[in-house]
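Computed from the coordinates by the stated procedures, all read-outs in this text should not be read as laboratory data. Bear in mind that the values here come from a model prediction, so they are computed numbers and not experimental data. No Cβ is skipped: glycine too gets one built from the backbone with ideal geometry, and neighbour counts run over all protein chains shown.
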Amino acid sequence: MEELRSKHLLGIQDLTREEIELIFNTADNFKEVINRPIKKVPSLRDITIANVFFENSTRTRLSFELAEKRLSADVVNFSSSGSSVKKGETLLDTVNNILAMKVDMVVMRHASPGAPHFLARNIQANVVNAGDGTHEHPTQALLDTFSIRSKFGGVEGKKVAIIGDILHSRVALSNIFALNKLGAEVMVCGPATLLPKHIKSLGVKVTLDLREALEWCEVANVLRIQLERQQVKYFPSLREYSLYYGINKQLLDSLNKPITIMHPGPINRGVELNSDVADSEHSIILEQVENGVAVRMAVLYLLASKVK
């Protein structure tokens, strides 16, 4: 396969295994580029990309912006705070005003599930979903699975536990889709109140016991508690959550094998991960950040071939 079928990247659900592997192979090349003394290539020199963020973001926005600049694209940044959205302007009006400035691609994060899909149906530009509500976060799942591939040489057959706030996490959903497509085994672990009712229908194992999950897996992708998405209390306190689901060095040392620790960030240190784990030799958290730039470069490069 030499190109993606769609001009948009809206979710992992829409990608085939071959398309994911194409993105990974392209990211391998860009990873070499960003480790060279001169880190720029002229691949997107004639493309203008708007980063349109209606939700707070640090890592994802910076990672996309860096990827775009490494590809020599022209970059426009938009955030809803301090914009006309606060005055009641609609999503479509906002984006159409940006497109009137001759923008070719839109990278969008929005609190409403399905917002990038709505946009893709209504505008000519290519749309990349940088996270829509609690639905999907496709580039995060791509960089996570790419990081597993880089560490182990492949994803197929690997046992991956996703631990934490599964209910509110778009990262968890996209990772489950990606890992299933690439032939990994997946287990989710967290308090019963933070597991979706029909999670087993996605073809994953489920446990409420952290030790059971860690003894089963080779890779633990640990998620933070998304307090900003929770309208009610799902557990008594962060201290109690940390007691039952926090990972510390003592717990890892008590296992009969080493496991690889991942985290999409930002980390709530002392809640889901202690610093002695996050900063340990088991952690590939900083590799995930580096891989994120290469994977996003690959996605933008492949979609740019479909710019009209």
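Around the amide H of residue 187, modelled in the peptide plane, lie the amide H atoms of 160, 161, 162, 205, all under 5 Å away and 5 or more residues distant in sequence or on another chain.
Measuring against 23 Å, Cα to Cα, the residue pairs 197/257; 158/257; 69/102; 158/306; 7/151 contain 197/257; 158/306; 7/151 as the ones spanning a longer distance. Placing dummy labels 7 Å off each Cα toward the beta-carbon, the span from residue 122 to residue 28 is 4.1 nm. Karplus-based coupling profile of the stretch 102-107, in residue order and whole Hz: 6, 8, 8, 9, 10, 9, with θ = phi - 60° in 6.51 cos²θ - 1.76 cosθ + 1.60 and x standing for Gly or Pro.
Each of residue 256 and residue 76 was given a label point 7 Å from its Cα along the Cα-to-Cβ line. The distance between the two points is 6.0 nm. Under 5 Å between amide hydrogens, which residues at least 5 positions from residue 247 or on another chain qualify, with H placed 1.01 Å from N in the peptide plane? Counting only residues 5 or more places away or on other chains, the set is 273, 274. Net charge dipole, the chain: roughly 500 debye, given to the nearest 20, about the Cα centre with Cβ charges of +1 for Lys and Arg and -1 for Asp and Glu. Normalised by the number of residues in the stretch 138-284, the average gap of Cα pairs under 8 Å and 6 or more apart makes the relative contact order 24 percent.
Farthest towards the positive end of the charge dipole of the chain, among the residues 137, 29, 113, is the Cα of 113, using unit charges on the Cβ of Lys, Arg, Asp and Glu.
Highest average first, the peptides 247-260, 41-54 ordered by how many other beta carbon atoms sit within 10 Å of their residues are 41-54, 247-260. Between residue 248 and residue 306, the simple label model (points 7 Å from Cα in the Cβ direction) yields a spacing of 4.9 nm. For the listed peptides 215-221, 18-24, 2-8, a ranking on the average number of other beta carbons within 10 Å per residue, highest first, reads 215-221, 18-24, 2-8. The residue list 266, 75, 305 was ranked by how far each Cα lies along the charge dipole of the chain toward its positive end, using unit charges on Cβ atoms, and 75 comes out on top. Here the convex hull built on the C-alpha positions of the stretch 138-284 has a volume of 102 cubic angstrom per residue. Under a Gaussian network description of the chain, with springs only between Cα atoms under 10 Å, the residue in 120, 141, 130 that fluctuates furthest is 120. Overall size of the stretch 1-73 from C-alpha positions, given as principal axis extents largest first: 33, 32, 23 Å. Taking max minus min of the alpha-carbon positions on each principal axis, the chain gives extents of 57, 44, 35 Å, largest first. Assuming charge only on the beta carbon of Lys and Arg (+1) and of Asp and Glu (-1), the dipole of the stretch 49-183 about its Cα centre is about 320 debye to the nearest 20. Charges were assigned to the Cβ only: +1 to each Lys and Arg, -1 to each Asp and Glu. The resulting dipole of the stretch 1-94 about its Cα centre is roughly 480 debye.
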